[in-house]
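The values are calculated or read from the model by the stated rules, or taken from the named source; none is laboratory data. This one's a predicted model, so the numbers in the text were calculated from it and none came from an experiment. Positions of Cβ are backbone-derived with ideal geometry, glycine not excepted, and every protein chain shown enters the neighbour counts. The area values use the complete protein model at the heavy-atom level, side chains included, leaving out ligands, DNA and RNA. Shrake-Rupley method; radii C 1.70, N 1.55, O 1.52, S 1.80 Å.
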Amino acid sequence: MTPAGTTLHVPHHPARRHTRSEPPYVRRLLIGTALTFIGLFLILPLLFVFTQAFAKGIGFYFHSIDEPMAWSAIKLTLLAAGISVPLNCVFGVCAAWAIAKFDFYGKNVLLTLIDLPFSVSPVIAGLIYVLVFGTQGWLGLYLNADHPALPWLANWLNDHNFKIIYAVPGIVLATIFVTFPFVARELIPLMQAQGRSEEEAARVLGASGWQVFWRVTLPNIKWGLLYGVILCNARAMGEFGAVSVVSGKIRGQTNTIPLHIEALYDDYNFTGAFAVASLLALLALVTLGLKTWVEHKNAAVLDK
Amino acid sequence: MKTFLKILLAVGITVSAQAKDVTLLNVSYDPTRELYTEYNAAFAKYWKGKTGDDVTVNQSHGGSGKQAQGVINGLEADVVTLALAYDIDAIASQAKLLPADWQSRLPNDSTPYTSTIVFLVRKGNPKNIKDWDDLTQKGVKIVVPNPKSSGGARWAYLAAYAYALETYGHDDAKAKDYITKLYKNVPILDSGARGSTITFAKNGIGDVLLAWENEAHLVLKEFGTNNFEIVTPTISILAEPPVAVVDKNAKHHHTTEVAAEYLKYLYSDEGQEIAAKNFYRPRNQAIATKYAANFTQLKLVTLDQEFGSWAKAQKTHFADGGVFDQIFQPQN
């Protein structure tokens, strides 16, 4: 960038002028359209969420958030994200490393499978878990069988009231499924672009596998990884479809924040619903801020 | 620190020896949210007085058919309070969680309160909808949920069909013709009663909502009588939403006794009064008389009298390829 007021002749100035050769009305039209869209579809709904949330005053707002049902939803959401994000983080790094640094049979199949949760509707994902782990599914058939294989396992599971669907494990599973690709998808192109030369050099110089990973690979991908984690977390906390199928929607027990918002809305408690929704909106804003910061850092690393 | 923990533990044990904490899960249909919020508090007080135990009743709400499917797939309800008997029959037959004769275990076919289907229209009734035949006029937009997933929607469909049967001398072809015309005026089907109510009342779509009587009254309460009014048709169906203990789940949770009492207390004076206050028609005559102002008199036909039984109605009308599938074409 040229500082304002400078007389320095910038070599690529003519090129820049060329790119701005459209008449002013075209430029204004383009910028205007973009801004109108952003205003209508992003800013306005966001403002609406917050104005609705405070429609009955600040006291009602905090009352809506600080009550047992809301707290239970917040805790469950944090728990589901707290389990699924680290797991997907580990998986994402493993998968990206395998795909970017090695050649093996079935690599393309793995790449395609990682994308599966993006192409499958979340509701279908939830239903699959119900069909597999529900009492009419495989797990149910096993637990209710008269002569199950491994009887001690069946008895132990039954004695401990082992449940997946309509309980916390099902919600965690569904969350893992829908957030599965975020970290891997972020890292694969990055690691492919970086190539294997640095790792190979480290190996030649005598580093062990772990040393290569901790000292060479990880520092190279850390910003990309963080970026993936942020996106993964945002999706984990906001997921509605898949979780709604496996939750059973027991209030105070298996309702996550998005399901709690739906319940409040259906109770005609619109203000309460928007108050809790504002938490998710805040999360989105924080995510956006972090994302911009990480992108900035990442770009700096890549420029280096 | 260790002694402190021991004291805490000891206190915890003595407390738990005095009063048990019991938890029940009531899996219910869509519009009963307000009813059971009030009833659960009343029952907890009653049970505390009777046994000294604290009972917490957790609620799950949704379309009746969907909720039954949840229980079949492992949603561990101690009691179900659904919109119609067929959904509890499904739990009995498909998952064998309760005996097939569950409906004979409590008075009035295990239905402590009844309801019916009425019309909710916008203030001043701009489309002048008075009775069922006004619904088939051109340009009337009807909001009603999907009978495949919603119990209220099945009652609404059967109420309309029963009207046609009564009007056209039980001529099935004419009744089918009427119901076809009616559903031509339905632009969208929500999955549950509450979804339809919000579509109609909050989002301002449609001219008339075919609603549970209790749901229609609740809209007047929540959205104000300045915006909506209830139209009671000359004839409708006696909707009987039954209740049952899910034996296997209750046994598993050691809650059989409290679950049975929870449902029995619905028939008590207090339970009936809470039902009436929430615009469910109570079975108790004295309380029905006391709250007569809440309920408009109309001719109510029963399901058994018009359609034989739920199993038959389900097979003819709502099963895949049944009458509803033949007559309803989604319009895009």
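Details
Matching residues to (1) at pLDDT 90 or above; (2) within 14 Å of another protein chain (Cβ to nearest Cβ); (3) open to solvent by 80 Å² or more (accessible area, probe 1.4 Å):
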site	(1), (2), (3)
A:Ala34	yes, no, no
A:Gly39	yes, no, no
A:Ile43	yes, no, yes
A:Phe54	yes, no, yes
A:Ser64	yes, no, no
A:Pro68	yes, yes, yes
A:Leu87	yes, no, yes
A:Val93	yes, no, no
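- No other residue among A:Ala202, A:Ala236 is away from chain B (no Cβ under 14 Å), in contact (Cβ under 8 Å) with a residue 40 or more places away in the chain and buried (at least 17 other Cβ atoms within 10 Å of the Cβ) apart from A:Ala236.
- Test: B:Tyr262 is open to solvent by less than 10 Å² (accessible area, probe 1.4 Å), touching a residue at least 40 places away in the same chain (Cβ under 8 Å) and among the hydroxyl-bearing types (Ser, Thr, Tyr): yes
- Helices (runs of 4 or more DSSP H) lying entirely in region B:153-238 (those with 1 or more residues that are under 23 Å from the mean Cα position of the chain (by Cα) and closer than 24 Å to B:Asn294 by Cβ): B:193-201, B:213-223
- Looking only at region B:277-332, residues that are in contact with a helix residue (DSSP H, G or I) (Cβ under 8 Å, 6 or more places away or on another chain), part of a loop (DSSP other than H, G, I, E, B) and among the hydroxyl-bearing types (Ser, Thr, Tyr) come to 3 in all.
- Pick from region A:134-146, criterion open to solvent by 60 Å² or more (accessible area, probe 1.4 Å) and under 14 Å from B:Ile72 (Cβ atoms), ranking: farthest from the other protein chains (Cβ to nearest Cβ): A:Leu141
- Condition check for B:Ile230: in contact with a helix residue (DSSP H, G or I) (Cβ under 8 Å, 6 or more places away or on another chain), modelled with pLDDT of 95 or more and closer than 23 Å to A:Asn269 by Cα: yes
- Counted residues, region A:147-177 - those being small (Gly, Ala, Ser), more than 13 Å from chain B (Cβ to nearest Cβ) and surrounded by 14 or more Cβ atoms within 10 Å (Cβ to Cβ): 2
- Residue count, region A:252-266 (criterion: more than 11 Å from chain B (Cβ to nearest Cβ) and not β-branched (Val, Ile, Thr)): 2
- The number of residues in region B:124-151 that are under 27 Å from B:Pro242 (Cα atoms) and either among the hydroxyl-bearing types (Ser, Thr, Tyr) or in contact with a Pro (Cβ under 6 Å, 6 or more places away or on another chain) (or both) comes to 3.
- Verdict on A:Ala34 being part of a helix (DSSP H, G or I) and within 30 Å of A:Thr217 (Cβ to Cβ): no
- Against the numbered list (1) of a type outside the set (S, T, N, Q); (2) out of contact with any strand residue (DSSP E or B) (no Cβ under 8 Å at 6 or more places or on another chain); (3) open to solvent by 10 Å² or more (accessible area, probe 1.4 Å); (4) over 23 Å from B:Ser64 (Cα atoms), B:Ile230 comes up short only at (2).
- Candidates B:Lys202, B:Lys141, B:Lys176, B:Lys148: the one that is touching a residue at least 60 places away in the same chain (Cβ under 8 Å), over 23 Å from B:Ala311 (Cβ atoms) and surrounded by fewer than 24 Cβ atoms within 10 Å (Cβ to Cβ) is B:Lys141.
- B:Lys264 closer than 14 Å to B:Thr81 by Cβ, under 20 Å from the mean Cα position of the chain (by Cα) and either among the charged types (D, E, K, R) or outside any helix (DSSP H, G or I) (or both): yes
- Test: residue in region B:265-276 that is surrounded by fewer than 20 Cβ atoms within 10 Å (Cβ to Cβ), under 28 Å from B:Ala201 (Cβ atoms) and without any contact (Cβ under 8 Å) to a residue 24 or more places away in the chain: yes
- The lone exception for B:Ser93 - which of (1) of a type in the set (S, T, N, Q); (2) in contact with a strand residue (DSSP E or B) (Cβ under 7 Å, 6 or more places away or on another chain); (3) over 23 Å from B:Arg283 (Cα atoms) it fails: (2)
- Given (1) more than 14 Å from chain B (Cβ to nearest Cβ); (2) under 24 Å from A:Gly170 (Cα atoms); (3) β-branched (Val, Ile, Thr); (4) in contact (Cβ under 8 Å) with a residue 24 or more places away in the chain, index of the condition A:Ile99 fails: (2)
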